[in-house]
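The values are calculated or read from the model by the stated rules, or taken from the named source; none is laboratory data. Quick caveat: nothing in here was measured; it's all calculated off a predicted structure. Here Cβ is always computed from backbone atoms with ideal geometry, including for glycine, and neighbour counts include all displayed protein chains.
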Amino acid sequence: MAEDLPESKIVHTDERFKLNVSKDNMQVLLSCQLADISGDGAYEEICKLLKKMGVKKMPEPGVLKRGLDEAVAGGVDIVNLPVAEGQTPVMPTDAKLEWTGDYFTEGYYIDPKTKRIDFRQKISNPAVEKDQLLAIIYKAIPGKNGVDVFGRTITVPRAHDVRLRAGNNVYWSKEDSGYKARVAGRVKLIGVTLDVDEVLYVRNGVGTESGNIKHKGQVIVDGDIESEYKVEATGNIEVKGVIQSDIVSCGGNLVVVEGINENPAKLLNVRGDIISKYILNASIECEGNIVANREIFQSQIKSRGEVTCTEGRVVGGEIMAARGITVGEAGSKGAVKTAFVAGVDYTQLAMLKACNKKIDQLKKVIKKLRPAHRMLSMQMQALTSAQKEGLAEIGSNISEAEENIKELEAEGMRIRKEMISNRSARIIILRMVYPGVVLRVHDSRYTVEHALRGPMMAHLDSATGEIALTSEVDRITS
């Protein structure tokens, strides 16, 4: 009657009934011939035998009788029918830790197309935002002890808890059942303590060992940033060596103890100020001020503040600074093309160009739609309903484009008015300016044709609107 039951051992047998106990002592199994249970007293006899075996978990009368009656009704002998069962233990569920990101995953990124390993980019991304959920803890569920057929307790082990605790800048969120970051920074796990560092210290520089760096907070690089590696930080970046990186993105101030020697095809973007010993072959966009102590060479630099290189020289490239430029020397004896642009905010310039581009695109749309609108309007009476709907749609598109042009022109006017505020910017050259240097203040331009000794200043003459050169630097700047 019963199949696939646990392996058993014979504990008691007589002329009629054979009782086996499963190896786990959780069941007593009955085997007998049909004729032996056909008469009265089979239930009582089986119970006596169970008691004699020492079974404490006696069968319910109704359950056993039902099983015996079913065997009789089926007309088959009984084989391994459970007549007594213990209480099955419930195993515990250990607590579970689930990380919300790949903070500590080892290895490097593999390009899905080429299958090549990029040793510059690690898989792990430990950078996190303020109040970001870092880890979810699923609580342990305790088990329940069982009892075998002989009344012996089957003890289950204790459920294991997760060993993790909050360290610096990490707190427990009861609502999320997990640990969260108190600040933006970088996740670090030391033993069982979870920390978030606001300041990331990169030992031995940025290169093969560190991989690309992406950090929510401040970064201090104790060494160089090697070429072909990226550094991105929402806070300040301090580099004790040289920047040779492809891409650096800094949400605060950038301080470079040695210098910046970049790939001009890549962009260094800084939201704060830049201080560096020198800048070579770099493309830089900076929302703050830029100070280079010794030299700026063949670089494309855009600043919304001031660019200063008072102790050194600027040779080649273009320096654009909204609030002014001050350098020791400008250009070189070899007449290397060098451009200084003061009084122009590169972000405003970009917005104005984008605005004008959209206006040109809308005018082209209107130019394309108007002939069709004019032709259909002249045939109004002969148009079908569908054609009239098409005519109305064309007219609506023209009107919408004209309205957008008006808004963009107003935006362009607003930007131009803001740009005028930088007309007072100055270009100051303290020692020497060489031929080939182009000086531009706001929208006026002057090309230096002969070497001039400083100190001198280029500023916009309020009367003529042209660039004026003067040696009275102190008087004009005061």
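Residues in region 122-155 that are assigned to a strand (DSSP E or B) and under 18 Å from the mean Cα position of the chain (by Cα) were compared, and the one that is nearest to Glu98 (Cα to Cα) is Ala135.
Assess whether Gln381 counts as being under 30 Å from Glu418 (Cα atoms), out of contact with any Pro (no Cβ under 8 Å at 6 or more places or on another chain), assigned to a helix (DSSP H, G or I) and of a type outside the set (A, V, I, L, M, F, W, C). Quick ask: steps written out before the conclusion?
Details: under 30 Å from Glu418 (Cα atoms): no; out of contact with any Pro (no Cβ under 8 Å at 6 or more places or on another chain): yes; assigned to a helix (DSSP H, G or I): yes; of a type outside the set (A, V, I, L, M, F, W, C): yes.
No.
If I filter region 161-170 for residues that are among the β-branched types (Val, Ile, Thr) and farther than 30 Å from Leu29 by Cβ, do I get at least one hit?
Yes: one or more hits.
For region 70-92, residues that are more than 30 Å from Tyr138 (Cβ to Cβ), in a loop (DSSP other than H, G, I, E, B) and among the hydrophobic types (A, V, I, L, M, F, W, C) total 1.
Do you know which residues across region 382-413 are closer than 30 Å to Gly305 by Cβ and surrounded by 14 or more Cβ atoms within 10 Å (Cβ to Cβ)?
Leu408, Glu411, Gly412
Taking region 53-69 on its own, how many of its residues are out of contact with any His (no Cβ under 7 Å at 6 or more places or on another chain) and either in a loop (DSSP other than H, G, I, E, B) or at pLDDT 80 or above (or both)?
Of the residues in that region, 7 qualify.
None of Tyr179, Tyr171, Tyr201 is surrounded by 18 or more Cβ atoms within 10 Å (Cβ to Cβ), among the aromatic types (Phe, Trp, Tyr), on the phi < 0 side of the Ramachandran plot and touching a strand residue (DSSP E or B) at 6+ places or on another chain (Cβ under 8 Å) except Tyr179. Out of curiosity, is Arg440 modelled with pLDDT under 90 and under 18 Å from Ala342 (Cβ atoms)? Criteria not met by Arg440. Screening Gly252 on (1) part of a strand (DSSP E or B); (2) crowded, with 18+ Cβ neighbours inside 10 Å; (3) free of Cβ contacts under 8 Å to residues at least 60 places away in the same chain shows it passes everything except condition (1). Residue count for region 259-270 satisfying the condition of being over 12 Å from Phe297 (Cα atoms), modelled with pLDDT of 90 or more and not aliphatic (A, V, I, L, M): 1. In region 197-213, the residue that is farthest from Ile237 (Cα to Cα) out of those that are out of contact with any Gly (no Cβ under 6 Å at 6 or more places or on another chain), touching a residue at least 24 places away in the same chain (Cβ under 8 Å) and part of a loop (DSSP other than H, G, I, E, B) is Thr208. Filtering region 6-41 to residues that are exposed (fewer than 12 other Cβ atoms within 10 Å of the Cβ) and either under 23 Å from Thr88 (Cβ atoms) or modelled with pLDDT under 70 (or both) leaves Glu7, Lys9, Ile10, Asp14, Lys23, Ser38, Gly39, Asp40. Scanning region 156-196 for residues being β-branched (Val, Ile, Thr) and in a loop (DSSP other than H, G, I, E, B) gives a total of 4. Considering the conditions (1) within 42 Å of the chain's Cα centre (by Cα); (2) at pLDDT 90 or above, Arg416 is excluded by exactly one of them, (2).
Suppose we filter region 214-223 for residues that are part of a strand (DSSP E or B) and without any contact (Cβ under 8 Å) to a residue 24 or more places away in the chain; how many remain? Residues in region 214-223 being part of a strand (DSSP E or B) and without any contact (Cβ under 8 Å) to a residue 24 or more places away in the chain: 4 in total.
Restricting to region 319-359, name every residue that is assigned to a loop (DSSP other than H, G, I, E, B) and within 10 Å of Val437 (Cβ to Cβ).
Of the residues in region 319-359, the ones assigned to a loop (DSSP other than H, G, I, E, B) are 322-323, 331-337, 343-345.
Selection gives Gly331, Ser332, Ala335, Val336, Lys337.
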